[in-house]
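Quick notes on the structure that follows.
Since every read-out is calculated from the coordinates, none of them should be taken as a lab result. This is a predicted model, so every value here is computed, not measured. Don't worry about glycine lacking a Cβ; one is built from the backbone with ideal geometry, like all the others, and counts go over all protein chains shown.
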Amino acid sequence: MSRAFSPKVVTANDMRSGDVIYLTADDQWSPLHAQAELIENEAHAQLRLLDGQRAKNAVGAYLADARRGTNGPEPVHFREAFRTRGPSNYPHGKQAEQTHV
Amino acid sequence: MYNYTDFDDSFVRARTAQFAAQVDRRLSGALTEDEFKPFRLMNGVYLQLHAYMLRVAIPYGTINPHQMRTLAQIADTYDKGYGHFTTRQNIQFNWPKLTDIPAILSDLADVGMHAIQTSGNTIRNVTADHFAGAAADEIEDPRPIAELLRQWSTDHPEFQFLPRKFKIAITGSCTDRAVTRAHDIGLRMVRNAAGEPGFEVIVGGGLGRTPFVGATVRKFLPKADLLPYVEAVLSVYNMLGRRDNKYKARIKITLHETGKEELSRLIEARFAELRPLFGGNDQVLLAQITAAFSTPDLRKADTSAFTAFYKADPLFRSWADTNIAAHKNPDYRIVTISLKKHGATPGDATSAQMRLIADLAERFGHNEIRISHEQNVILPHVHLSDLPNLHAALRGSGLETANVGLISDIIACPGMDYCALATARSIPVAQDIATRFDELKLEHDIGPLKIKISGCINACGHHHVGHIGILGLDRAGVENYQITLGGDGSETAVIGERAGPGFAYGEIVPAIERIIAAYLEKRTDPAETFLQAYRRLGLGPFKAALYPDEAKRDAA
Ligand code: HEM
Ligand code: SF4
């Protein structure tokens with residue numbers, strides 16, 4: 001292959017709450033990006049995407065670029081970074097829940 | 001205002017029950033997302049970035065205090081205590097859980113509200129002049145026609161699967177406050193030589209990735225012919241509109257591919273077929289609807305309190321100068337309550353603010369409330385003598401900002417803070433611009449100016465028709481903002497011109513400041529508005545101000 005594969009995570013929204021979720025290596029969905037499985041191989045990414053798309057409680061699963069970080073995978077694109085936090089105009093969404101734990 | 005008939009009520013309740021059953025099947029896994037999505041979209045349920053979103057129609061922007069309190073209760077019970085009023089006279093709740101949506105729709109049905117056709121390839125919420133029924137410059141209240149269109153379009157079997165969404169806007173005034181020229185169909189009330197009211201019919205306007213000002217297909221359509229004519233337009237579009245390419249599916253593209261002449265001919269031919277079929281039933285219905293829109297019994301009272309307060313209280317004076325407009329009764333005014341407090345999210349109202357608005361509409365506004373496409377709230381009938389008390393009641397609520405029509409009265413779409421389609425944020429850009437110009441204490445000196453911001457080319461924030469338009473894009477993984485200048489959404493509508501290369505997030509406020517500095521320097525006098533100055537001077541001096549380095553290079 002000519003181009004190096006950039007690592008990915010599988011992400012979606014929870015079917016009931018709509019919350020952003022990430023597919024973990026042990027086939028759970030986590031609300032935390034850092035707990036996502038970091039996928040570093042293209043063929044495996046396609047398989048995991050199919051797993052994500054088949055999952056009953058997840059909506060709109062897709063592959064998003066990610067990179068290895070100190071506490072686990074981190075988002076690359078700003079859109080994905082916003083999805084890990086919530087909106088910038090109010091402290092709502094994940095950013096609120098995370099400061100409460 | 002129009003109240004649901006038994007038919008309307010049972011229709012909405014049946015729809016709510018049907019959707020509740022669909023949600024149940026989705027939750028049980030009996031429906032996949034692909035199967036469920038068309039159902040949820042028919043009922044105003046989107047999936048955004050962080051959550052579901054429910055879009056509720058406020059037909060032609062008219063809502064009563066009781067309904068407003070229900071929106072507040074929904075915001076508190078099922079959402080995060082606020083709602084977002086949009087450019088299409090809808091309210092969006094940004095955080096509902098799918099499991100709660102049937103209950104929300106049922107609460108809405110209790111007060112005659114719904115989310116039907118707020119999404120999907122159908123005829124959407126019909127929008128109207130937010131001063132309708134009150135404006136001094138109005139020929140007739142356009143809302144009875146808007147209600148007729150709503151009843152006709154709701155669940156119309158022929159128009160449930162149009163090539164693409166379809167938006168109709170209507171105004172009864174010569175001053176166009178409803179952006180009729182940027183809609184699939186725009187209806188502007190005019191009078192013919194005999195002085196009879198009718199409509200100029202504008203077709204094929206639209207913003208989005210290919211912005212167009214609509215074309216007039218009929219200069220004067222008698223009022224009684226309106227419904228068969230609109231049906232003829234829809235019918236021709238339904239046949240010709242392109243279903244092969246989503247980006248070419250709006251009627252604006254049909255207009256350009258078919259040509260105005262040919263499209264008009266087809267519409268007229270279809271109209272000739274349809275008109276006899278209506279047999280006057282629409283006019284009977286219209287007469288019944290019209291009775292529900294009569295002007296409230298306006299008071300006759302002393303107005304000297306207004307004059308006294310106006311002289312004595314500078315805060316009140318400033319608010320009255322910007323936020324009130326002429327009413328058809330000289331003792332009354334139309335009040336615009338700004339949802340654009342400096343630094344706040346344009347169009348957002350908390351549940352407490354909604355309740356206050358409802359109370360004030362009852363105390364001072366003959367129970368009437370309107371939502372404007374400019375994301376503000378209107379009390380259309382306030383007696384002059386009540387204005388000081390109204391203003392006093394607004395103070396401290398975050399609703400007293402005196403900035404309607406000024407630089408901080410910004411339209412902004414949800415952008416990447418909420419919207420799954422966004423390429424950049426728009427809300428914080430609006431917040432920063434408003435905050436900055438408030439610090440500079442310049443906005444009253446700058447005068448009338450419309451800034452409109454969208455977070456992607458879909459143009460939900462109307463940026464093409466902003467005097468200054470801002471479009472947020474993603475350039476190689478970084479937010480980048482393109483500026484357009486000279487746009488106008490009024491009766492003299494034009495699409496703004498792109499000023500040049502875009503600006504990074506951190507550069508956008510200084511860029512706007514440079515445009516404004518150029519305007520203040522170049523205007524002939526304070527009476528020359530930004531738009532007038534732009535029309536006189538053209539892009540040149542503003543471009544030079546935006547890109548000073550380039551200007552220097554060119555001069556060298
Ligand atoms: C989940 C949120 C939203 C989605 C997915 C969405 C989607 C879209 C899309 C795809 C278009 C382009 C249509 C076309 O060109 O064919 C569009 C246009 C538009 N939307 Fe939205 N929108 C959203 C929110 C809003 C909001 C919040 C407003 C009001 C503030 C709004 C008002 C409009 C308007 C005025 C247009 C441009 C006029 C036109 O239809 O040409 N939308 N929207
Ligand atoms: S303009 Fe784009 S970002 Fe803004 S609401 Fe519309 S689709 Fe979303």
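Please list, in order along segment A:21-38, the HN-Hα scalar couplings obtained from phi with the Karplus expression 6.51 cos²θ - 1.76 cosθ + 1.60 (θ = phi - 60°), rounded to whole Hz, x for Gly and Pro.
Rounded to whole hertz, the list is 9, 10, 7, 9, 5, 9, 6, 9, 10, 10, x, 10, 4, 4, 8, 5, 6, 8.
For segment B:327-342, what does the Karplus curve 6.51 cos²θ - 1.76 cosθ + 1.60, with θ = phi - 60°, yield as ³J(HN,Hα) per residue in whole Hz, taken in order and with x for Gly and Pro?
Using θ = phi - 60°, the values come out as 10, 5, 9, x, 8, 10, 9, 9, 9, 9, 8, 6, 9, 10, 3, 3 Hz.
For a Förster distance of 30 Å, can you work out the FRET efficiency between the beta-carbons of residue A:77 and residue B:28, rounded to the nearest 0.05? List each step's numbers first, then the result.
Numbers: r = 35 Å, r/R0 = 1.16.
Result of the calculation: an efficiency of 0.30.
Which one, A:89, A:71, A:41, has the greatest fluctuation when you compute a Gaussian network model over chain A with C-alpha springs under 10 angstrom?
A:89
Which value, in debye to the nearest 20, describes the size of the charge dipole of segment B:6-110 about its Cα centre when Lys and Arg Cβ atoms bear +1, Asp and Glu Cβ atoms bear -1, and nothing else is charged? Don't skip to the end; give the middle numbers.
Details: 11 positive and 12 negative charges, 55 e Å.
For segment B:6-110, the charge dipole is close to 260 debye.
Order these by the 10 Å Cβ neighbour count, fewest first: B:127, A:70, B:295.
So the residues, fewest neighbours to most, are A:70, B:295, B:127.
Quick one: compute the contact order of chain B, relative version, from alpha carbon pairs under 8 angstrom and 6+ residues apart, as a percent.
13 percent
Which log10 I(q)/I(0) values does the protein assembly as shown give at q = 0.08 Å⁻¹ under the Debye formula, counting every alpha carbon as one identical point scatterer?
-0.62
Can you list the residues, at least 5 places off or on another chain, whose amide H is less than 5 Å from the amide H of residue B:419, using H built in the peptide plane?
Counting only residues 5 or more places away or on other chains, the set is B:49.
What FRET efficiency do you get for residue B:260 and residue B:155 if R0 is 41 Å and r is their Cβ-Cβ distance, rounded to the nearest 0.05? Don't skip to the end; give the middle numbers.
Working: r = 31 Å, r/R0 = 0.75.
The value I calculate is 0.85.
What's the exposure ranking of B:36, A:5, going from fewest to most Cβ atoms within 10 Å?
A:5, B:36
With a cut-off of at most 14 other beta carbons within 10 Å, and DSSP calling the residue loop, which GluC sites (Glu not before Pro) in segment A:1-90 qualify? Please list them.
Working: sites: A:37, A:40, A:42, A:80; in loops: A:37, A:40.
Loop-located and lightly packed - A:40.
Based solely on its DSSP helices, what 222 nm [θ] is calculated for the protein assembly as shown when runs of n ≥ 4 H residues each add -39,500 (n - 2.57) and the sum is averaged over all residues, nearest 500 deg cm²/dmol?
-11500 deg cm²/dmol
What are the trypsin sites (Lys or Arg not before Pro) within segment B:341-415 that DSSP puts in a loop, where the Cβ has at most 15 other Cβ atoms within 10 Å?
B:395
Taking the beta-carbon count within 10 Å as an exposure proxy, list B:441, B:543 from fewest neighbours to most.
Lowest to highest Cβ neighbour count: B:441, B:543.
Could you sort the peptides B:41-47, B:487-493 by per-residue average Cβ neighbour count (10 Å cutoff), highest mean leading?
Ranked from most to least packed, the peptides come out as B:41-47, B:487-493.
Run through all the Cα pairs of segment B:6-110 and give the fraction in each 5 Å bin from 0, expressed as whole percent.
Reading the bins upward from 0: 2, 12, 22, 26, 20, 12, 4, 1.
What are the trypsin sites (Lys or Arg not before Pro) within segment B:252-307 that DSSP puts in a loop, where the Cβ has at most 12 other Cβ atoms within 10 Å?
Passing both the DSSP loop test and the Cβ count: B:300.
Which lysines does residue B:450 reach when only Cα atoms under 20 Å apart count, and residues fewer than 8 places away in its own chain are ignored?
Filter leaves B:340, B:341, B:441, B:522, B:543.
Which of the lysines could a cross-linker bridge to residue B:165, judged by Cα under 18 Å and excluding same-chain residues fewer than eight apart?
Within reach: B:37, B:246, B:248, B:252.
At a threshold of 8 angstrom on Cα-Cα distance, excluding pairs fewer than six apart, so keeping six or more, what relative contact order does segment B:1-135 reach in percent?
Dividing the mean separation by the residue count of segment B:1-135 yields 31 percent.
Per-residue HN-Hα couplings for segment B:149-162, Karplus 6.51 cos²θ - 1.76 cosθ + 1.60 at θ = phi - 60°, whole Hz, x for Gly and Pro?
For segment B:149-162, the Karplus curve yields 5, 5, 5, 5, 7, 5, 6, 4, x, 6, 10, 8, 10, 5 Hz.
Could you state, as a whole-number percent, how many of the C-alpha pairs of segment B:143-251 are farther apart than 22 Å?
Roughly 30 percent, rounded to a whole number.
Search the structure for amide H atoms under 5 Å from the amide H of residue B:190, placed 1.01 Å from N in the peptide plane, and list their residues when 5 or more places away or on another chain.
Under 5 Å from the amide H of residue B:190: B:198, B:199, B:200.
Classify segment A:8-97 as rounded, prolate or oblate, taking a ≥ b ≥ c as the square roots of the eigenvalues of its Cα gyration tensor: rounded when a/c is under 1.5, otherwise prolate if a/b is larger than b/c and oblate if not.
Oblate, because a/c is 1.5 or more while a/b does not exceed b/c.
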